[in-house]
1. If you find the alpha carbon centre of segment 215-254 and of segment 114-152, how far apart are they in angstrom?
2. Can you compute the helix-only [θ] at 222 nm over the chain? Use -39500 (n - 2.57) per DSSP H run of at least 4 residues, normalise by all residues, nearest 500 deg cm²/dmol.
3. Output wanted: per-residue J couplings in Hz (rounded whole) for segment 48-65, from phi through Karplus 6.51 cos²θ - 1.76 cosθ + 1.60, θ = phi - 60°, x for Gly and Pro.
4. Please compute, over every Cα-Cα pair in the chain, the percentage with a separation greater than 33 angstrom.
5. Checking the a/c ratio against 1.5 first, then a/b against b/c, what shape does the Cα gyration tensor give for segment 136-254?
6. Within segment 213-254, which trypsin sites (Lys or Arg not before Pro) sit in a loop by DSSP and count at most 12 neighbouring Cβ atoms inside 10 Å?
7. Ranked by Cβ crowding within 10 angstrom, fewest neighbours first, how are D227, D234, D206 ordered?
8. Would you pull out the residues with amide H under 5 Å of Y189's amide H, same chain only if 5 or more places away, H placed 1.01 Å from N?
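None of the figures in this text is laboratory data; all of them are computed from the coordinates on show. Just so it is clear, the structure is predicted and the values come from calculations on it, not from any experiment. Here Cβ is always computed from backbone atoms with ideal geometry, including for glycine, and neighbour counts include all displayed protein chains.
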Amino acid sequence: MWRRFRIGILLVILFIVAATTWSDRQRTTDWSFPLWVGVFPVNGDGTPVTAQYIAALDPGQFAAIDGFFAAEAHAYGVTLEQPVKVVLYPPVTDLPPRLPPSAGLAGTIWWSLKLRYYTWQHAGSTPADIRLFVLYHDAETTSAVPHSLGLQAGLLGVVYAYADDVLDEPNNVVIAHEVLHTLGATDKYDPATNQPLFPQGYGERDAEPLFPQTLAEIMAGRIAISDDQAEMPDGLSGVVVGPETATEIRWLRE
C-alpha cells in the first residue's frame with residue numbers, strides 16, 4: 001500500500017512537471033517578448049581566486065551572448081529586437097545538487113526535482129525566465145570541469161566555467177549552448193567522440209572544400225577541422241545557429 005502511494009505521488013509530480021514543461025515551451029519559444037536569462041555565479045571550488053573573480057564579475061562580460069542571439073535570430077527572420085537578455089544576479093553560496101555519473105532514470109528524475117527545489121530556494125523570487133547557476137573554477141588548478149547541463153523542464157541549468165578573464169568568451173559559448181538546451185535544442189555532436197555531426201553540427205555545411213571549417217554550430221560546440229578533429233571556438237563570434245537548432249527553438253517553423 002505504501003509503495004503504491006509513493007508511486008502515485010511520483011506520477012502526480014511527473015504529470016505536473018510535464019504540463020509545466022509544455023506550457024514553458026510554448027511561452028519561451030513564441031519569440032514575442034525578450035527572454036530574461038538569470039546568471040547566478042557560484043564558487044565551484046571554494047578557492048580565494050574564484051571568489052575574487054566572482055566579486056569582479058560585470059554584466060558587460062555577458063553582453064556578447066545578447067548580441068549573438070540577436071544576430072542569429074534576425075538571420076532567421078525573428079523581428080524581436082532583443083530576443084535574449086542576460087542578467088547578472090548576486091552570487092549563490094550553496095552548491096547545486098550534483099547528478100551522479102551512474103544515475104539511472106529514477107536517479108536522474110530525483111536529481112532534477114532536487115535541482116528545481118534548489119532553484120526555488122536560491123532564485124525563486126527573481127523574475128528571470130531561465131535561471132543558470134554558473135559554477136566557476138580556478139583555471140590554474142582545474143584542468144577539466146564536469147559536463148554542463150541545461151534542462152527544458154524547469155528552464156534551468158548548471159554551467160561549469162573557468163574563473164579567468166581570458167576565458168570569458170569560451171565561457172559565454174557554454175552559457176549560450178545551455179540556454180538553447182532549456183529551449184528544446186538538442187546536441188549536434190557524437191557523444192562518444194565529441195566530433196560535430198554532419199551536416200547538422202557543421203557551421204559551414206556547404207563549404208568547398210569542407211575542411212577546415214571556420215565556424216562552429218552552437219549545439220555542436222566545436223569547429224570541425226577534419227573528419228576526426230575538432231577544436232573549441234574562441235568565442236561566440238565563431239559560432240552560428242544551424243537550421244536544425246533554429247527549427248527546434250521555433251525560429252523556423254516546420
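1. 23 Å
2. -11500 deg cm²/dmol
3. x, 4, 5, 4, 5, 4, 4, 4, 9, 4, 10, x, x, 5, 10, 4, 4, 5
4. 20 percent
5. oblate
6. The qualifying sites are R253.
7. Listing D227, D234, D206 from fewest to most nearby Cβ atoms yields D206, D227, D234.
8. L197
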